[in-house]
Amino acid sequence: MDEILSCSLQNSQKTVTVIGAGVAGMSAACSLAEAGFRVQLVERRGYLGGRASSYLHSGVNEVIDNCQHVLFGCCTNLIGFYRRIGVAERIHWTSEMTMIEPGGRRSALGPFRLGPFTLPAPLHGAPSFLNAKAFLFADKLALGRAMRAMLKPEAFIDTRESLGDWLRRHKQTEGAINRFWRLVIASALNSEIDSIAVPYAAKVIRELFMNSAQAGSMGMSTVPLSELYAGVTPFLAERGGSVLLNTFVEGASWDEETSQWLICTRTGELISDYVILALPFEATQKLLPHLPAEEGTEKLSRQLERHEHWPICSVHLWFDREITGLEHAVLLDREIHWMYNQSRLQGRDDHYIELVISANRAFAALSREAAIEQALRELAEFFPRVKDAKLEKVALVKEMHATFGVPPGIDSARPAAVSPWPNLFLAGDWVQTGWPSTMESAARSGHLAAEALGLAAEEPLTCLETDLKPQGLMRLIR
Ligand SMILES: Cc1cc2nc3c(=O)[nH]c(=O)nc-3n(C[C@H](O)[C@H](O)[C@H](O)COP(=O)(O)OP(=O)(O)OC[C@H]3O[C@@H](n4cnc5c(N)ncnc54)[C@H](O)[C@@H]3O)c2cc1C
């Protein structure tokens, strides 16, 4: 803290423009403002949050998230960002995951607890897993074998194997593949198993199921996502910064004489000592021809071309009565994967259920009517009360560019924060963070870009949050 305060005095004149106000841009902007830089955060839309935001949906006249966003205890940079802007207590945490089969049979996964007694990681989840009716004994054996093989991170260094091939090589059963790997892991990574690099799957396994109960606990916002960011504008303003909404950046040029950036927006020009581009990969790519030609631009362009989008759809349903008392559930063997009871999560007095369908291009291609009809039909297989309930209103949100994929070899297409240009840094969930396309990757990239900027400004900063340490027996595994 002392270190940060001392930076604060020395840096009071240095200006930073952060382009893009998603989680990456907001995290970078707030950590730099806290360190004393004068930050302007520039966003093309009229609100903050980027791909993790909420807005007034005119069709249902409700403020909805573009999709339910979950985080986990291991997301230390995202949690650090929430803490910085004072909203960490608005996240509701749970350790239990309920899996439901069509027909309604339930299995609860979560850490073992008997009064004060717990089991050391990675065994903390073993009793509920062994007890889960959703898996046959053969599935459990196969999953146990696979988890053991995924214990050591170095086992996967340099592998170019896909998760699909790895699962087949490790003789995973159909039940294990469909009900665990496809549903839980591939949907967390929002890709199909054959398009996932196995180290990313292993990372999810270790963080969510092995390292500790805390790392695997799941967090959900109790307010619409954009409300979480309401503190960002005052946070920056109190430190001499500002937020410029509805400001589309079209290009930038570097003035050698003044050592400053001139940033062209559709509404005017901005001048800044430093720039952080915190854009999605496709928006970064569009901006490249409008940045100075520098050695290294070509390479960056080739890296950007290798990224690919995956869609996520969500169906928002308002019923006239409660259809389940569960807060959330994983729905097995159907196209809809996750159910979130938004009325419970947000303490609302209506009956608002959100369904999430990830990594499913066929579902994303359905017409609105077909998608809603399928979602309702499937939901009734898990919660029979749906059949008697009246659907009052419904919204379908298709995010075709939700996340980028993490196929084998993708790491060489994820650049570091330092860019080919002077005093310009890259952030965004897609840069090199070691994390898949998530809010944590975005927050991490923002903190990494802030640190790289601090070095260039000769004011070293510590913005990256410490990772949670593995607990129990996991401490012994290297
Ligand atoms: C439907 C859906 C569900 C998801 N679920 C989860 C989840 O459960 N958990 C999780 O961790 N992650 C989830 N994600 C992924 C997560 O939302 C993203 O990884 C993260 O929000 C990316 O943040 P970012 O700041 O890198 O990019 P973005 O959020 O895309 O931010 C970039 C910003 O730049 C702005 N911009 C673009 N071009 C310009 C320009 N020329 N000038 C000015 N501004 C510009 C954009 O408007 C945007 O606000 C989900 C994503 C989607 C879409």
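Side notes on the structure shown:
- For the chain, the Kirkwood hydrodynamic radius from C-alpha pairs, put into Stokes-Einstein at 20 °C and a viscosity of 1.002 mPa s, yields a diffusion coefficient of 92 µm² per second.
- Here the dipole of the stretch 1-142 is about 160 debye; that uses its Cα centre as origin and unit charges on the Cβ of Lys and Arg (positive) and Asp and Glu (negative).
- When the pairs LYS14/LYS286; LYS286/LYS398; LYS203/LYS299; LYS152/LYS469 are compared against a 19 Å limit on Cα-Cα distance, LYS14/LYS286; LYS286/LYS398; LYS203/LYS299 fall above it.
- Contact order relative to length of the chain, as percent, for alpha carbon pairs under 8 angstrom and 6 or more apart: 23 percent
- Subtracting the Cα-Cα distance of THR462 and LYS171 from their residue separation scaled by 0.36 nm leaves 100.4 nm.
- Residue ranking by accessible heavy-atom surface, 1.4 Å probe, largest first, among ARG44, ARG38, ARG160 comes out as ARG160, ARG44, ARG38.
- Charge dipole of the chain about the Cα centre (unit charges at C-beta), most positive-ward option of SER221, PRO422, PHE209: PHE209
- Apportionment of accessible area to carbon and sulfur, the stretch 300-364, percent (1.4 Å): 40 percent
- Net charge over other residues, Cβ less than 12 angstrom from the Cβ of LYS299 (K, R count +1; D, E count -1): -2
- Accessible surface computed residue by residue for the chain, with neighbouring protein chains in place and a 1.4 Å probe, gives 43 Å² per residue.
- Kyte-Doolittle at least 0.0, axis length at least 15 Å by Cα - qualifying DSSP helices, the chain: 23-34, 137-149, 439-456
- Lys, Arg +1 and Asp, Glu -1 on Cβ, resulting dipole of the chain about Cα centre, debye, nearest 20: 1760 debye
- Of all aspartates and glutamates in the structure, those lying under 20 Å Cα to Cα from LYS387, and not within fewer than 8 positions of it along the same chain, are GLU101, ASP320, GLU322, GLU327, ASP333, GLU335, ASP350, GLU354, GLU369, GLU373, GLU378.
- Computed from backbone phi with θ = phi - 60° and the Karplus coefficients 6.51, -1.76 and 1.60, the 3J(HN,Hα) list for the stretch 168-183 is 5, 5, 9, 6, 6, 6, 4, x, 5, 5, 6, 8, 10, 5, 6, 6 Hz; x is used for glycine and proline.
- Options GLY49, LEU332, GLY241, ranked by Cα towards positive dipole end of the chain, top entry (Cβ charges): LEU332
- Full-stretch length increase - LEU326, THR94 - with 0.36 nm per residue and alpha-carbon distance subtracted: 82.3 nm
- Counting only protein heavy atoms and using a 1.4 Å probe, the accessible area of VAL418 comes to about 100 Å².
- Summing Lys and Arg as +1 and Asp and Glu as -1 over all other residues whose Cβ lies under 9 Å from the Cβ of ALA33 gives a net charge of 0.
- Computed magnitude of the charge dipole of the stretch 174-238 (debye, nearest 20; Cβ of K, R +1, Cβ of D, E -1): 220 debye
The values are calculated or read from the model by the stated rules, or taken from the named source; none is laboratory data. None of the values given here were measured: they were computed from a predicted structure. Using ideal geometry, Cβ is built from the backbone for each residue, glycine included, and neighbour counts are taken over all protein chains shown. These area figures cover heavy atoms from the full protein model, side chains too; ligands, DNA and RNA do not enter into them. Shrake-Rupley method; radii C 1.70, N 1.55, O 1.52, S 1.80 Å.
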